[in-house]
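Okay, so here's the structure we're looking at.
The values are calculated or read from the model by the stated rules, or taken from the named source; none is laboratory data. Computed from a predicted structure; not experimentally measured. When we count neighbours, we look across all protein chains shown, and the Cβ atoms used for this are built from the backbone with ideal geometry, even at glycine.
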Amino acid sequence: MFLSNFLTIGQQVLVLFILIAIGFICGKKDVITEHASKKMTDIVLYIVTPCVMISAFQREFSFQTLELLLVAVATASVILALSILIAHLVLHDSDESRRRVIRFAVVFSNCGFMSLPLQKELLGDDGWFFGSIFVAVFNIFSWTYGLAEMSGDAKQLSFKRLLLNPGLLGVTAAVILFVCRVTLPPVILQPVTHLANLNTPIPMLIIGFYLSQAKLRDAFTNGRIYLAMALRLILIPVLAALGMSLLKLDRTMIIAFTIACSAPCAASTTMFAAKFNRDVSLSVSVTAASTVISILTMPLIVSAVWTFIYA
């Protein structure tokens, strides 16, 4: 059963990496440029992501689903809080810039770009639903703790900045529509769905572009990066899956959240590092290296969890 699950999940991960490879080639051939990648990122953040949230929450209202939503929010919050604790207990460096970058990279996974497509393919609409909840909680943590950690200045925290985050705006609108039992008419829902479906190809091309700009040789000769990858790709998803299994939470949510936790370091690691003049080279290296290694670790961990909870 494990082998069957591994091959199924591995095939879906391979599909994503083929798209990443296309982005890599486009980056090397200057088909995708730095300017183009930034514009593509804006499209994903400000248009595609909110559409993903709205599409995922277009389901029949029930108090059972609402209860699942609240449990999912609480679970995602605990997972991220424990990730912060692990990062602060394990990762130490006399260089403040390196320390802040590596901690951010360990805490935050690429749960939007890498996880949502896989959750959708493996688990259908329910996977997308739980994945969207994790992304919403991720956005809250990244624009509060993440902002303070990378900047080193709690004054950088801004309620307005958090409130206007596109991911949070999207999920707020989606939850309002869900709770108020508003079903969008097909003429609106179909364009929203089409835009949401772009969440697979465009982010993969963007990741491929950034990999084409990274110095992968340097990434795999840095001991800090190996430690960060061990925490990000193995320890955190395993602990999260074990905890959720012991609590006997919804099985689809366990798998969806395991996928989110086993994703490589968030692309926002580099964006935050650049914004606050941290070690940008380290941020690019750890993101690139973890993305490459995740082609093996994601199928292994997710298939193991899948086999265990359905045994």
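In the range 67-77, is there at least one residue being closer than 29 Å to residue 209 by Cβ, at pLDDT 90 or above and surrounded by 15 or more Cβ atoms within 10 Å (Cβ to Cβ)? Scanning the range 67-77, I find at least one residue that is closer than 29 Å to residue 209 by Cβ, at pLDDT 90 or above and surrounded by 15 or more Cβ atoms within 10 Å (Cβ to Cβ), so the answer is yes.
Selection over the range 36-75 of residues that are of a type in the set (Lys, Arg) and part of a helix (DSSP H, G or I) gives a count of 2. The condition of being under 22 Å from the mean Cα position of the chain (by Cα) and closer than 28 Å to residue 75 by Cβ holds for only one of 147, 205, that being 147.
Screening the range 163-187 for residues that are at pLDDT 90 or above and over 26 Å from residue 63 (Cβ atoms) and picking the one that is surrounded by the fewest Cβ atoms within 10 Å (Cβ to Cβ) gives 187.
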